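The values are calculated or read from the model by the stated rules, or taken from the named source; none is laboratory data. No experiment lies behind these values; they were computed from the predicted model shown. Virtual Cβ from ideal backbone geometry, glycine too; neighbours counted across all protein chains shown. We work out accessible area using only protein heavy atoms, side chains counted, and drop any ligands, DNA or RNA first. Shrake-Rupley method; radii C 1.70, N 1.55, O 1.52, S 1.80 Å.
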Amino acid sequence: MNLGLAQRLRDGTSAWHAAAERAGVMPALLRGTLPAAGFWQLQRNLLLVYQALEAGLEQHAAHPQLAPLQLGPLARSAALQTDLADLAPLAATADTAVLLHADAATVYVQRLQTLADQQPPVLAAHAYVRYLGDLAGGQALRRVAQRAYGLQGDTGTRFFDFGPPAQVAQRGQALRRALDGLVLDEATAQALVAEAQWAFAQHVRLFEELAGPVH
Ligand code: HEM
C-alpha cells in the first residue's frame, strides 16, 4: 500500500529541511552575503549530484516506479552547466574557477550510482528532494542570487527556471500526485523516506564542507 507517499516524504524530512536551511553556506546564501565564488562552488557541486541523478533516471526512465513521475522535463544538468559558464567570471579568483571541495558531493554521486545499479526505484527519493526543493524554496533563492550577484534575466540562474509561477506550482503538484500514485510495497515506501532523509543529511554535509577552510 502506498498511502500519501508525498506527505510521508514531507513529514519524514521536515526536521532535516530545517537543518539544511541553517547548515554551512546556506544562511549566507539566503542573506545574500555568500561571495560569488562560494555560490559557484555550490552550484558546481550540485552539478555533480544532478549529473549522477539524471544519468540514473535516464537509464531507468521506463522503470514502472519511475516512469509515472515524468522527471525528464525537470532535468537541471544542462541549465546548471550554462549557469556555471555565466558565473565563472564572477567567481574566478585568478583567471579560472576551479572545483575546490567535492568530498560530500562525491559520496552523494557514489550513492546515486549504487542506487541506479541496485535499487532504481529509490532514485525517486532523490528526485523528490532535489526537484520539489527546486520547485519550492529554489524559486526564492533565484531572486536572492540575482540580487546578490547582479544577475539579469536568465544569466546564471537558468537552474532555478521551471517556467512562470503557475507552471512551477503545477509541476510541483504533479510530482506530488505522481509520487502518491506509485504502486509500492511498504518496505519500499519506508526505504524511500529513509533515502530522502539521507539525501538531506548529505546536503548538510555538503553545505558545511563548502563553508569550511580551503584545503
Ligand atoms: C536554503 C534555504 C531553503 C529555503 C529558504 C527553502 C524553502 C522552502 C519552502 C518555502 C518550501 C515550501 C514549503 C511548503 O510548501 O510548505 C520548501 C520545500 C521544500 N524544500 Fe526547501 N528550502 C531551502 C533549502 C532546501 C534544501 C537544501 C533542500 C534539499 C536538499 C530543500 C528541499 C525541499 C523540498 C523537498 C521541499 C518540498 C517539501 C514538500 O512539499 O514535501 N530545501 N523549501
> Among residues other than Val129 whose Cβ falls under 15 Å from its Cβ, what is the net charge (Lys/Arg +1, Asp/Glu -1)?
Replying inline: +2
> Each residue of the stretch 28-38 in turn: what ³J(HN,Hα) in whole Hz from Karplus with 6.51, -1.76, 1.60 and θ = phi - 60°, glycine and Pro shown as x?
Replying inline: 5, 4, 5, 6, x, 10, 6, x, 4, 4, x
>> Could you report the chain's accessible area per residue, 1.4 Å probe, as an integer in Å²?
In response: 47 Å²
> What residue among Leu30, Phe159, Ala178 has its Cα farthest toward the positive end of the dipole of the chain, where the charges are +1 on Lys, Arg and -1 on Asp, Glu, each on the Cβ?
Replying inline: Leu30
> Tally Lys and Arg at +1 and Asp and Glu at -1 over the other residues with C-beta under 12 Å from the C-beta of Ala116: what net charge comes out?
Replying inline: -2
>> Tell me which of Gln41, Leu112, Leu132 sits at the most positive position along the dipole axis of the chain, charges placed on C-beta atoms (Lys, Arg +1; Asp, Glu -1).
In response: Leu132
>> Can you tally the net charge around His60? Count Lys and Arg as +1, Asp and Glu as -1, for every other residue whose Cβ sits under 12 Å from the Cβ of His60.
In response: -3
>> Restricted to Cα positions, what overall size does the chain have along the principal axes? Three whole-Å values, descending.
In response: 54, 38, 31
> What does the accessible area of Val183 come to, in Å² to the nearest 10, when a probe of 1.4 Å is used?
Replying inline: 120 Å²
> Under unit Cβ charges (Lys, Arg +1; Asp, Glu -1), what dipole magnitude, rounded to 20 debye, does the stretch 72-186 have relative to its Cα centre?
Replying inline: 380 debye
>> Please list, in order along the stretch 181-195, the HN-Hα scalar couplings obtained from phi with the Karplus expression 6.51 cos²θ - 1.76 cosθ + 1.60 (θ = phi - 60°), rounded to whole Hz, x for Gly and Pro.
In response: x, 5, 8, 10, 7, 4, 4, 5, 4, 5, 5, 5, 5, 4, 5
> To the nearest 20 debye, what is the magnitude of the charge dipole of the stretch 128-178 about its Cα centre, counting +1 on the Cβ of each Lys and Arg and -1 on the Cβ of each Asp and Glu?
Replying inline: 140 debye
>> At 1.4 Å probe size, with the rest of the protein present, what percent of the exposed accessible area of the chain is carbon and sulfur atoms?
In response: 55 percent
>> Please compute, over every Cα-Cα pair in the stretch 34-160, the percentage with a separation greater than 26 angstrom.
In response: 24 percent
